[in-house]
1. Quickly estimate the mean residue ellipticity at 222 nm for the chain, helices only: each DSSP H run with n ≥ 4 gives -39500 (n - 2.57), and the total goes over all residues, rounded to 500.
2. What accessible surface, in Å², does a 1.4 Å probe find on Thr293, ignoring ligands, DNA and RNA and rounding to the nearest 10?
3. At a Förster distance of 56 Å, what's the computed FRET efficiency of Glu118 paired with Ala214, Cβ-Cβ distance as r, to 0.05?
4. Could you tell me which of the pairs Lys243/Lys286; Lys88/Lys113; Lys113/Lys295; Lys193/Lys312; Lys173/Lys306 are separated by over 27 angstrom between their Cα atoms in the structure shown?
5. By average Cβ neighbour count within 10 Å, what is the ranking of 266-276, 88-98 from highest down?
6. What is the calculated FRET efficiency for Asn99 to Ser145, with r their C-beta to C-beta distance and R₀ = 41 Å, to the nearest 0.05?
7. Per residue, what volume in Å³ does the Cα convex hull of region 222-272 take up?
8. If you place +1 on the Cβ of every Lys and Arg, -1 on the Cβ of every Asp and Glu, and leave all else neutral, what size is the dipole of region 217-270 about its Cα centre, to the nearest 20 Debye?
Amino acid sequence: MRNKYIFLVLILLTFFVGCNREKKQLNVFTWAGYVSDDIREGFEKEFGVTILVDTFASNEDLLTKLMAGATGYDIIMPSDYMVSILIKQNLLAELNRDNIPNFQNISPLFLGKYFDSENQYSIPYTFGTAGIAYDSAVISPAPESWAVLWDDQYKNQFSMLDDQRETIGAALKLLGYSLNSTDPEEIRAAKEKLIAQAPLVKQYKSEAEELLIAGDVVMAHCWSGDAFRAIETRPTIRYVIPKEGSSQFIDAVCIPKSAPHKALAEQFIDYLLRPEVNAKITAFTKYGTCVPTAKEFLPENLREHKFIYPPKAVLESLEWLRDPGDFTRHYDRAWEEIKAK
Ligand code: SPD
């Protein structure tokens, strides 16, 4: 009888330990090249959990997946304007700051932005810009204008971001319009421009650094950190923000309302905000840190690099992407037509 009792207790223990182990898994949905192995493994080891990382290529991909009912994610990393859209769609959980004491490490420069004015739903992860990465061994002099991406001498030698707001945005800028245009005529003109460009484009790809590193393209519409990463393998790569202006962004960390492990997700956010961990984010992604004390843990060349901190005149030419509300359908339709070419 006693043995039977012990056996039953052992079975129950195995069951509860098993359940517990299953619960301790953090599912992260983010951009490619955004969570390094050392960050993931550091958290896994310290907290005795497993992190699974899944990636998306654009904010719209993330939105589509969440709207379609994806419920397994604990952490997502939308950009600025997408944070406002997700808040409006009631898809984000409010953050409990008591569980995120390292919130105090964030520079006020990156808090209280238009997309989440009280940071109730988001904390900043990194910041950067969009521009053109090019191989200076092949392309000289340095391109100055978005127009280089319409130059047929580079046919099949360059890529564009697979991102509707960024790519339509580049065409809008070239035409002298705002990235956030809500004028159907301007969107039509940008669409026509991109349809005319389509036969020249080798690939629409958001992970442009992969194409640059492999030598598949000599020029890419690219985000700053990804261009910076490509330089490690191809030192002749350069990055320029065209004179017509471009986008700047903050990528955020949020918890979806449907997150299965909210408390663990808040522990992960708090971990990311430790200065030494935050420095690892910049060291790996080559995007800017929002935690000033992280700079102490960064090598000299990443503290003030011009890829991360553009000069004032360039900064003044940058725009934030914003939620165009119902007008989004014009961007959606234009993008469908461009991609169908
Ligand atoms: N490889 C990481 C790319 C992160 C890019 N952030 C996108 C901003 C979109 N506006």
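The values are calculated or read from the model by the stated rules, or taken from the named source; none is laboratory data. As the structure is a prediction and not an experimental result, all values here were calculated from the model. Positions of Cβ are backbone-derived with ideal geometry, glycine not excepted, and every protein chain shown enters the neighbour counts. Surface accessibility is based on the protein's heavy atoms, side chains included, excluding ligands, DNA and RNA. Shrake-Rupley method; radii C 1.70, N 1.55, O 1.52, S 1.80 Å.
1. On the way: 13 runs with 135 residues, N = 341.
Helices in the chain give a 222 nm mean residue ellipticity of -12000 deg cm²/dmol.
2. Surface open to solvent at Thr293 totals about 60 Å².
3. Values: r = 43 Å, r/R0 = 0.77.
Efficiency, rounded to the nearest 0.05: 0.80.
4. Details: Lys243/Lys286 23 Å; Lys88/Lys113 16 Å; Lys113/Lys295 22 Å; Lys193/Lys312 30 Å; Lys173/Lys306 22 Å.
Violating the 27 Å limit, Cα to Cα: Lys193/Lys312.
5. So the peptides 266-276, 88-98, ranked by packing, come out 266-276, 88-98.
6. Values: r = 47 Å, r/R0 = 1.16.
Efficiency at R0 = 41 Å is approximately 0.30.
7. Working: hull volume 6.5 nm³, N = 51.
Given the Cα convex hull of region 222-272, per-residue volume reads 127 Å³.
8. On the way: 6 positive and 6 negative charges, 31 e Å.
Charge dipole, region 217-270, about its Cα centre: 160 debye, nearest 20.
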